[in-house]
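The values are calculated or read from the model by the stated rules, or taken from the named source; none is laboratory data. Nothing here was measured: the structure is a model prediction, and the numbers come from that model. When we count neighbours, we look across all protein chains shown, and the Cβ atoms used for this are built from the backbone with ideal geometry, even at glycine. For the accessible areas, the whole protein counts, side chains as well, though only heavy atoms, and no ligand, DNA or RNA atoms are used. Shrake-Rupley method; radii C 1.70, N 1.55, O 1.52, S 1.80 Å.
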Amino acid sequence: MRKATAARNAQLASSQPAREENIAAIVAHLRSGAKAECCRVGIELEHICVDGTGDPITYSQPNGVRDVLAALQEKYPEATVHGGDLLGVARPGAAVTIEPAAQLELSAGPFENLIDAKRVFLEFEDDAYQALSPIGGRALTLGFDPVNRAADKELIPKARYDYMNEYLSSIGPWGPRMMRGSASTQISIDYVDEGDCIAKMRVAQVLAPLFALMCDNTPVFEGSRRPHALMRTEIWKYCDPDRCNSVPGIFDEGFDFEDYAAYLLDVPAIVALDDDGEARYDTRTFGEIFARRAMTDDEVFHAMSMVFPDVRLKSYVEIRPADSMPIPYVLAYAALIKGLFYGKSSLETLVRSCAGISESDVAKAKDALMESGYNAEVYQRPAAEVCDELITLARRGLPAAEWCFLDPLAELVARRVTLADLDISTQ
């Protein structure tokens, strides 16, 4: 179990009689994700929709994101409706959902090859363009709203987000900025077994600050030029220490699925599900909520969705630090992740090089990169040099037919610039 004192473990067992049963339920879900062969990547890309003037549009305004979803339903016919509100559309292999302030997200895959991913994402880009055409709008791929202050933006009609806004606002301004202003690219990868999963999770956590650097695409923050690089890294750093940054104990020897399950149970829920599956506000931990009964599969999945570390486990490893980016860079990032984590020699090299790194080292790397970008030193090495090696390792781990997908990101690294730098240089 999660590394804790014997006294604390005894106290938890006494106050939560169903704790071991719930840990077992979470572990079973994680083990169900094991794949005999790992070669696929899932991709999630969030967009900020704007009108013809460049001003972000809301969910409920005329020709807003609600109407965009309705227009997309012709191509994505499976609708998600709650309380009369259209909140998502889908088709096999691709789901379009909306984030708290109506950021439009395409979740697609998993893909065995990046050619298929390119086709799906380019099709969606065209579909979104057509759906936004009544107002001359666009679906922007940026890490943060380029115009508005986050606090001024309307939340979509979903109780979960009202509760999250209330809770995270009590911690500071960063949670609402995350919910309302930010947009990301997330890549998911498979694992063979528990050991492979934890190894990939550790490597991804060490590399998360560098992924954030390579994919930095936030030139504007809260209506002004950003004060430093990697603004989304700062947002997540302060959003909620209980559920963000590194998973506690991830680098401890022997960390396993039971430890991750215990981490989930010890996080304040914010949002719990009632008997009808409806959201309700609850600041108890999941362990306290389910102290006396076993969690259902839906409740396990919900608990997994209510933590936001840099690297999150569901039935796959979800790598979360990258900004939203244009599709060529999204595909390049997917190629980077695929080459690093599915190339046997590449992953073995990374596992060795990440040995001995701690949660504190990761936090220091984030601070250094926010301050100095490619000129920073991370893990006692120049950040630029490490990024060069990541590109080399990824290319080694990719099939030759997919090397070309890596090129856009490789070019940025070689030039020691980010998309955000290039945007600022043109202003």
Compare Lys153, Lys75 by solvent-accessible area with a 1.4 Å probe and give them largest first, with all protein chains kept in place. Lys75, Lys153
The chain: calculated mean residue ellipticity at 222 nm from DSSP helix runs of at least 4, using -39500 (n - 2.57): -14500 deg cm²/dmol
Would you mind telling me the antiparallel percentage of the DSSP bridges in the chain, rounded to 5? 95 percent
Most to least accessible of Cys38, Cys404 (protein chains only, probe 1.4 Å): Cys404, Cys38
Taking Rh as the Kirkwood radius computed over C-alpha pairs, what is the Stokes-Einstein D of the range 241-281 at 25 °C in a medium of viscosity 0.890 mPa s, expressed in µm² per second? 205 µm²/s
If N is the number of residues in the range 39-145, what value comes out of its Cα radius of gyration divided by 2.2 N^0.38 Å? 1.03
Choice from Gly397, Gly356, Gly223 showing the highest fluctuation, given a GNM over the chain with Cα pairs closer than 10 Å: Gly356
Quick one, which of [x] 4, 22, 33, 28, 12, 1, 0; [y] 4, 18, 26, 21, 13, 8, 5, 3, 2, 1, 0; [z] 5, 22, 30, 24, 13, 5, 1, 0 is the actual P(r) over Cα pairs in 10 Å bins from 0, in percent calculated for this model? [x]
Tell me, what is a quarter of the convex hull surface for the C-alpha atoms of the range 292-359, in nm² with one decimal? 7.2 nm²
Solvent-accessible ranking of Val311, Val351, largest area first, probe 1.4 Å: Val351, Val311
Over what distance in Å are the Cα centres of the range 192-232 and the range 343-384 separated? 11 Å
Kindly provide the GluC sites (Glu not before Pro) of the range 1-72 that DSSP labels as loop, not H, G, I, E or B, and whose Cβ sees at most 11 other Cβ atoms within 10 Å. Glu37
How large is the accessible surface per residue of the chain, computed with a 1.4 Å probe and reported in Å² as a whole number? 40 Å²
Cα atoms only, the range 192-261: Rg and Dmax in Å? 15.2, 46
Within the set Lys158/Lys338; Lys200/Lys314; Lys75/Lys338, which residue pairs have Cα atoms separated by over 23 Å? Lys158/Lys338; Lys75/Lys338
How big is the convex hull of the Cα atoms of the range 106-212, per residue, in Å³? 171 Å³
Are there any GluC sites (Glu not before Pro) in the range 235-344 that are in a DSSP loop and have at most 12 other Cβ atoms within 10 Å? List them by number. Glu253, Glu278
